[in-house]
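S.K.: My questions will all concern the structure given below.
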Amino acid sequence: MAGESAQFGLRERPPTPAIRPFDLPPRMQPMLDRARAGLAEPFRGVAVGNHIATGVFAMQKTGMPLIPLVEAARSLLAMLTPEQRQRACFAVDDEAWRMWSNIHPWLMRHGVCLADLGSDQRAAALGLLRESLSPSGYQTARDVMRLNEHALEITGKPDEYSEWFYWVSIFGTPAPDAPWGWQIDGHHLNINCFVLGDQLVVTPTFMGSEPVLARFGKYAGTRVFAREEEQGHALMRSLSADERQRAIIGIDLPSELLTAAFNDNRRIDPAGIRYDELSDEGRDRLDALLGVYTGRIRPGHAEIRYADAKRHLPETRFAWVGPFDDTSPFYYRILSPVILVEFDHQSGIVFDNDKPSRDHIHTIVRTPNGNDYGKDLLRLHYARHDHAHHSPTGARLDAD
């Protein structure tokens, strides 16, 4: 781990029992190599088509104060020991932002692990999550963590699965008028939250689970992503035969989301059916589906995010991959200049099935055109305040 930290620019930290308690399996080496290759590219952001659009985002007042979130971060930091704070804290433009991974073997983790914290410290860390998300978003995030505990019940692998194998990091100094943020990183739950004044960027946000329903055990009955699955399917069902044909862009599901970990600079073809090509019912259902994903973040900011997405509806496309019936797995995405949503049914790891099933779901929300991790806002902040000392990694490169 120390060698990886040096290679990727992380400050050295004392070892922790929660960080990779086993050797990296040979099958994971190609994944680590791909991760290193992705991180070696300077950040540009997800591109819609061939280019990064400029001038999409702006520093502005939202009228939605984020003092409770600042206080939650300060509360957590006050509860950590000096050694824990050293592990948890990074510069606001540190490249550790980009080192999250949704898979369960630990390629690279940083921050403090919830498994290593006392109950009060853990509650304070969860307070960050609660203050950043809506009640339903927080419920989903916690249920993802609970289902990771259920994966332990299924597999009997305590070194790989746990409700508390999640790492929390703080970037910058939490303050009402300075850029800062936080991240939670672990299996199937990766949330990046950037704060600038009263502006909030909560992407990339990866949420997934296998299984999506606990049929027994400590959290029996816990279910995630029902709305994401059902409303995506309902949108497709509402389309006419001609509309459906224009929405379908392939039959074989991708083995992973296109913009999962280490794909910060992915180029996405604007394929699928445009919003203005949909019937009134199709448009209403696409609106509602966008609301499911934007509704994951805290009230007030969720409405701001939704309104921003709606302003770009004429440029928004819906795409579908896979069969369309009542039982088959599928993939869909929504793509616009300001939001990218991906949903995918995956093959198994916990259940070891080699074909996708509806019992393993991955979702991601990103902000295309350079504002994942709030990087475009941070670039604008630096330009306005002339922070001569800041690291260049905090700013997006100019468009290609």
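S.K.: Tell me the residue from LEU290, LEU257 that is within 21 Å of the chain's Cα centre (by Cα), in a loop (DSSP other than H, G, I, E, B) and of a type in the set (A, V, I, L, M), please.
M.R.: Details: LEU290 fails: in a loop (DSSP other than H, G, I, E, B).
Result of the check over LEU290, LEU257: LEU257.
S.K.: With respect to ARG146, is the statement that it is in contact with a helix residue (DSSP H, G or I) (Cβ under 7 Å, 6 or more places away or on another chain) and closer than 21 Å to THR363 by Cβ true? Spell out how you get there, then give the answer.
M.R.: Values: in contact with a helix residue (DSSP H, G or I) (Cβ under 7 Å, 6 or more places away or on another chain): no; closer than 21 Å to THR363 by Cβ: yes.
Taking the combined requirement at face value, the residue does not satisfy it.
S.K.: A follow-up question, please. If LEU258 meets every condition in (1) modelled with pLDDT of 95 or more; (2) over 19 Å from ASP372 (Cβ atoms) apart from one, which number is that one?
M.R.: LEU258 satisfies all of (1) modelled with pLDDT of 95 or more; (2) over 19 Å from ASP372 (Cβ atoms) except (2).
S.K.: Filter segment 281-308 for residues that are surrounded by fewer than 21 Cβ atoms within 10 Å (Cβ to Cβ) and of a type in the set (Gly, Ala, Ser); which is nearest to ALA53 (Cα to Cα)?
M.R.: The selected residue is ALA307.
S.K.: For segment 109-121, what are the residues that are surrounded by fewer than 20 Cβ atoms within 10 Å (Cβ to Cβ) and either in contact with a Pro (Cβ under 9 Å, 6 or more places away or on another chain) or closer than 18 Å to ILE191 by Cα (or both)?
M.R.: ALA115, ASP116
S.K.: For segment 193-242, how many residues are assigned to a loop (DSSP other than H, G, I, E, B), touching a residue at least 60 places away in the same chain (Cβ under 8 Å) and over 15 Å from the mean Cα position of the chain (by Cα)?
M.R.: So the first thing to find is which residues in segment 193-242 are assigned to a loop (DSSP other than H, G, I, E, B), and the list is 197-198, 202-204, 210-212, 214-222, 224-225, 239-240.
Now drop any that are not touching a residue at least 60 places away in the same chain (Cβ under 8 Å), which leaves 197-198, 202-204, 210-212, 214, 216-219, 222, 224-225.
From the residues that got through so far, the ones that are over 15 Å from the mean Cα position of the chain (by Cα) too are 197-198, 210-212, 214, 216-219, 222, 224.
Qualifying residue count, segment 193-242: 12.
S.K.: Next up: Can you tell me which of ALA58, ALA73, ALA91, ALA53 is farther than 25 Å from ILE304 by Cβ and either touching a Cys at 6+ places or on another chain (Cβ under 9 Å) or not aromatic (Phe, Trp, Tyr) (or both)? Working first, answer last.
M.R.: Values: ALA58 fails: farther than 25 Å from ILE304 by Cβ; ALA73 fails: farther than 25 Å from ILE304 by Cβ; ALA53 fails: farther than 25 Å from ILE304 by Cβ.
None of the others qualify; the one that does is ALA91.
S.K.: May I pose another question? Taking segment 160-179 on its own, how many of its residues are over 23 Å from LEU107 (Cβ atoms), out of contact with any helix residue (DSSP H, G or I) (no Cβ under 6 Å at 6 or more places or on another chain) and surrounded by 20 or more Cβ atoms within 10 Å (Cβ to Cβ)?
M.R.: 1
S.K.: Within segment 145-163, can one find any residue that is in contact (Cβ under 8 Å) with a residue 60 or more places away in the chain, touching a Leu at 6+ places or on another chain (Cβ under 7 Å) and under 21 Å from ARG298 (Cα atoms)?
M.R.: no
S.K.: I would also like to ask the following. When segment 163-201 is examined, which residues are found to be among the aliphatic types (A, V, I, L, M) and closer than 16 Å to ARG142 by Cβ?
M.R.: We begin by selecting, within segment 163-201, every residue among the aliphatic types (A, V, I, L, M); these are 168, 170, 175, 178, 184, 189, 191, 195-196, 200-201.
The answer is VAL168, ILE184, LEU189, ILE191.
S.K.: Take the residues in segment 103-126 that are within 18 Å of the chain's Cα centre (by Cα) and of a type in the set (Gly, Ala, Ser); name whichever of them is farthest from SER347 (Cα to Cα).
M.R.: Filtering first and then ranking leaves ALA125.
S.K.: Here's something else I'd like to know. Step by step: first the residues of segment 15-51, then only those that are among the basic types (Lys, Arg) and part of a loop (DSSP other than H, G, I, E, B), then the one that is modelled with the lowest pLDDT. Which residue is that? Steps first, please.
M.R.: Start the filter on segment 15-51 by keeping residues that are among the basic types (Lys, Arg), which leaves 20, 27, 34, 36, 44.
Retained after the next criterion (residues that are part of a loop (DSSP other than H, G, I, E, B)): 20, 44.
Numbers: ARG20: 44, ARG44: 97.
The qualifying residue modelled with the lowest pLDDT is ARG20.
S.K.: Residues of segment 240-266 being in contact with a strand residue (DSSP E or B) (Cβ under 8 Å, 6 or more places away or on another chain), surrounded by fewer than 17 Cβ atoms within 10 Å (Cβ to Cβ), over 21 Å from THR316 (Cβ atoms) and not acidic (Asp, Glu), which ones?
M.R.: ILE251
S.K.: Taking segment 130-147 as the region of interest, how many residues are closer than 15 Å to GLU163 by Cα and under 17 Å from the mean Cα position of the chain (by Cα)?
M.R.: Residues meeting the conditions: 8.
S.K.: Out of the residues in segment 293-330 meeting the condition of being hydroxyl-bearing (Ser, Thr, Tyr) and either in a loop (DSSP other than H, G, I, E, B) or in contact (Cβ under 8 Å) with a residue 40 or more places away in the chain (or both), tell me which one is farthest from LEU258 (Cα to Cα).
M.R.: Narrowing segment 293-330 to residues hydroxyl-bearing (Ser, Thr, Tyr): 293-294, 306, 316, 327-328.
Keeping just the survivors that are either in a loop (DSSP other than H, G, I, E, B) or in contact (Cβ under 8 Å) with a residue 40 or more places away in the chain (or both) gives 293-294, 316, 327-328.
Values: TYR293: 17, THR294: 20, THR316: 17, THR327: 23, SER328: 20 Å.
This residue is THR327.
S.K.: Of (1) farther than 20 Å from ASP198 by Cα; (2) small (Gly, Ala, Ser); (3) under 20 Å from the mean Cα position of the chain (by Cα); (4) modelled with pLDDT of 95 or more, ALA78 satisfies all except one. Which?
M.R.: Single failed check for ALA78: (3).
The values are calculated or read from the model by the stated rules, or taken from the named source; none is laboratory data. This one's a predicted model, so the numbers in the text were calculated from it and none came from an experiment. A quick note on method: Cβ atoms are made from the backbone with ideal geometry, for glycine too, and the neighbour counts reach across all protein chains shown.
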